[in-house]
1. Under a 5 Å amide H to amide H cut-off, with H placed in plane at 1.01 Å, what residues pair with residue 64 once short-range neighbours are removed?
2. Got a number for carbon plus sulfur as a percent of the range 166-301's accessible area, 1.4 Å probe?
3. Averaging over all projection directions, find the projected area of the Cα convex hull of the range 174-305 and quote it in nm² with one decimal place.
4. Keeping all protein chains in place, calculate the accessible area per residue for the range 68-275 (probe 1.4 angstrom), answer in Å².
5. On a 0 to 90° scale, report how tilted helix 243-262 is relative to the longest principal axis of the chain, with both axes built from alpha carbons and the result rounded to the nearest 10.
6. If Lys and Arg each add +1 and Asp and Glu each add -1, what is the summed charge of the other residues whose beta carbon sits under 12 Å from the beta carbon of residue 35?
7. Can you tell me the alpha carbon radius of gyration of the chain divided by the globular rule-of-thumb value 2.2 N^0.38 Å?
8. So which chymotrypsin sites (Phe, Trp or Tyr not before Pro) in the range 1-86 pass both tests, a DSSP loop state and at most 14 other Cβ atoms within 10 Å of the Cβ?
Amino acid sequence: MKDTAINVLKILEESPDPVSGGHIAERLGVTRSAVWKQIRELRRLGYNISSSRAQGYRLEATTSRLLPYEIHKKLRTRFIGKQIRYFDRIASTSWVGKQLAGEIDPGKLHGMVIIAEEQTGGVGRLGRAWVSPAGGIWISIVLKPGIPIDRLFMITMAGSIAIARAIRKEYGLSALIKWPNDIFVGDKKVGGLLLELAAEADAIHYTLLGIGIDANISLSDLPPNLRDVVTSLKAEVGHEVDRVALLARVLREFELRYQQLEDGEYDSIAREWKSLSLTLERRVAIRTINKAFEGEAIDVDTYGALIIRRDNGKIERVIAGDCFQL
Ligand code: BTN
């Protein structure tokens with residue numbers, strides 16, 4: 001959003017009464033037609049602005065879009081989301097993140113949040129497609145972590161905790177985490193995380209934490225094969241949710257946990273993750289690249305690995321793979 005549009009918006013936000021185009025133009029030192037152009041742009045961005053010839057313009061309702069201007073009004077973080085890149089419709093925030101990290105020193109991007117209203121080529125774990133229509137929250141957070149490489153999976157744990165906590169605080173829903181990276185409400189998935197990594201053996205260039213939350217999605221907009229296993233916040237609470245408030249909350253909750261990781265407080269993260277786990281003390285089927293087995297999920301360690309007691313009593317430690325709850 002351009003500065004002039006923001007300045008026009010600020011004037012409308014300050015005034016409960018209609019403001020004339022002439023008055024706005026005078027305050028900003030621009031022409032009335034420039035004001036009208038910005039009003040048109042603001043409407044395009046979803047702001048409901050009424051106009052009457054006699055009285056002028058009035059902001060009736062704010063936008064529901066995840067515009068950086070709106071997010072920054074609510075964001076209470078130190079570094080996560082201070083820089084935002086916002087897109088209407090792109091293939092994937094993850095793809096944009098990789099492009100940016102190739103062009104700009106990732107240290108300068110630390111904490112940047114890339115947002116898309118809609119993704120046409122969203123990616124999930126293991127290269128699966130991630131359906132991302134308008135109404136969801138589709139973001140990637142760029143990080144240059146100061147965390148040992150073998151603890152990196154804990155970034156996903158921190159993100160999962162943040163989403164579950166934010167959903168609980170905003171809507172009172174009992175959101176839980178299914179290992180490794182799914183957020184569930186009841187027995188349906190409402191969100192997922194994807195941690196991507198650019199590293200050499202001993203140096204992490206950057207990580208991208210992709211977060212997808214089915215916020216204001218009508219289940220009828222999802223492909224039929226997903227409708228039995230996926231839900232949305234809108235479907236759970238029975239009305240559209242305030243995505244800006246939710247995202248600002250997720251980013252704050254994430255920053256708090258990420259800071260714990262940087263401070264080496266791995267036990268705290270593992271403990272909180274376990275308190276929100278849907279997987280522990282359940283029978284599960286595990287499929288990794290080289291084996292498949294069943295057993296009871298008995299623990300998650302401070303590296304994010306799932307610990308399984310197999311039926312023959314053998315203990316398995318799984319750091320990556322699919323987990324099906326039986
Ligand atoms: C999963 O459960 O498989 C993880 C899904 C992660 C989806 C998010 S949406 C924002 C970011 N961009 C993508 O293309 N994917 C991640």
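The values are calculated or read from the model by the stated rules, or taken from the named source; none is laboratory data. In this text the structure is predicted, and so the values were computed from the model without any measurement. Note: ideal-geometry Cβ built from the backbone for every residue, glycine included; neighbour counts use all protein chains shown. SASA here: full protein model, heavy atoms, side chains in, ligands and nucleic acids out. Shrake-Rupley method; radii C 1.70, N 1.55, O 1.52, S 1.80 Å.
1. Excluding prolines and chain starts, which carry no amide H, there are no hits.
2. Carbon plus sulfur share of accessible area: 45 percent.
3. 10.2
4. 41
5. Roughly 50 degrees, rounded to the nearest 10.
6. Spelling it out: positives minus negatives among the neighbours equals +2.
7. With N residues counted in the chain, Rg over 2.2 N^0.38 Å equals 1.12.
8. 79
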